[in-house]
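Asker: I am attaching a structure below and will ask some questions about it afterwards.
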Amino acid sequence: MAMLDVFVAVLMGQVLFGTIIKSSFWLMVMASAIYLGVALSLGLLISSVAKSQQVANQLAILATYLPSILLSNFVFPVINMPKALQLITKIIPATYYIDIMNGLYLRGVGIQWLWQNYVVLAIMLVVIGSLNILALRKEGL
């Protein structure tokens with residue numbers, strides 16, 4: 001379902017704003033699938049450690065939503081941030097996804113320029129997925 005949202009967003013971007021992918025459509029699909037896996041895994045991890053749904057919602061907003069908007073090159077350029085915040089951006093998955101989308105849409109570069117971002121997202125997916133397995137086993141699920 002999340003990938004359907006990505007396809008609708010890409011289509012609406014093309015229809016309403018005339019944006020086109022200057023690089024490979026399939027690289028965008030791969031990046032989106034990996035990023036969505038990371039985001040969903042992070043959401044599952046937060047919900048498995050939270051005591052209630054309200055706590056999970058608040059944790060999700062504080063741990064994922066706000067940093068993804070403010071510290072990921074989406075609103076503010078990372079290069080203009082203080083060094084301490086630049087280090088924090090390294091653990092935010094959206095930073096890598098936005099860099100990939102920037103490369104695919106604006107610069108038209110291929111995998112040879114973006115592979116490091118793909119690898120970091122894939123590592124995040126494996127690490128967070130492994131933490132999910134441990135957390136769910138601890139809960140007896």
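A short reminder: the numbers here are calculations on the coordinates, not readings from a lab. Not measured: the values here are computed from a predicted model. No Cβ is skipped: glycine too gets one built from the backbone with ideal geometry, and neighbour counts run over all protein chains shown.
Asker: Taking the range 13-32 as the region of interest, how many residues are touching a Phe, Trp or Tyr at 6+ places or on another chain (Cβ under 7 Å) and outside any helix (DSSP H, G or I)?
Answerer: Adding up the residues that qualify gives 3.
Asker: Which members of the range 85-121 meet the condition of being more than 20 Å from V10 (Cα to Cα) and among the hydroxyl-bearing types (S, T, Y)?
Answerer: T89 - this is the single residue of the range 85-121 that is more than 20 Å from V10 (Cα to Cα) and among the hydroxyl-bearing types (S, T, Y).
Asker: So which of I100, I111 is within 17 Å of the chain's Cα centre (by Cα) and of a type in the set (A, V, I, L, M)?
Answerer: I100
Asker: Does L27 satisfy being touching a residue at least 40 places away in the same chain (Cβ under 8 Å), touching a helix residue (DSSP H, G or I) at 6+ places or on another chain (Cβ under 7 Å) and either surrounded by 18 or more Cβ atoms within 10 Å (Cβ to Cβ) or farther than 22 Å from V120 by Cα (or both)?
Answerer: Details: touching a residue at least 40 places away in the same chain (Cβ under 8 Å): yes; touching a helix residue (DSSP H, G or I) at 6+ places or on another chain (Cβ under 7 Å): yes; either surrounded by 18 or more Cβ atoms within 10 Å (Cβ to Cβ) or farther than 22 Å from V120 by Cα (or both): yes.
Yes; evaluated as a whole, the condition is true for this residue.
Asker: Exactly one of (1) touching a Phe, Trp or Tyr at 6+ places or on another chain (Cβ under 6 Å); (2) surrounded by fewer than 18 Cβ atoms within 10 Å (Cβ to Cβ) is unmet by N80. Its number?
Answerer: Against the list (1) touching a Phe, Trp or Tyr at 6+ places or on another chain (Cβ under 6 Å); (2) surrounded by fewer than 18 Cβ atoms within 10 Å (Cβ to Cβ), N80 comes up short only on (1).
Asker: Here is a list: R137, R107. Which entry is free of Cβ contacts under 8 Å to residues at least 24 places away in the same chain and either closer than 17 Å to S23 by Cα or surrounded by fewer than 15 Cβ atoms within 10 Å (Cβ to Cβ) (or both)?
Answerer: Numbers: R107 fails: free of Cβ contacts under 8 Å to residues at least 24 places away in the same chain.
Being free of Cβ contacts under 8 Å to residues at least 24 places away in the same chain and either closer than 17 Å to S23 by Cα or surrounded by fewer than 15 Cβ atoms within 10 Å (Cβ to Cβ) (or both) holds for just one of R137, R107, which is R137.
Asker: Then there is this: Test of understanding: among T19, T89, T64, which residue is hydroxyl-bearing (S, T, Y), over 25 Å from V109 (Cβ atoms) and surrounded by 11 or more Cβ atoms within 10 Å (Cβ to Cβ)? Lay out the reasoning, then the answer.
Answerer: Numbers: T19 fails: over 25 Å from V109 (Cβ atoms); T89 fails: over 25 Å from V109 (Cβ atoms).
Sole residue among the options that is hydroxyl-bearing (S, T, Y), over 25 Å from V109 (Cβ atoms) and surrounded by 11 or more Cβ atoms within 10 Å (Cβ to Cβ): T64.
Asker: Among the candidates L45, L59, which residue alone is out of contact with any Gly (no Cβ under 8 Å at 6 or more places or on another chain) and crowded, with 18+ Cβ neighbours inside 10 Å? Full working, then the answer.
Answerer: Numbers: L59 fails: crowded, with 18+ Cβ neighbours inside 10 Å.
None of the other options fit; the residue is L45.
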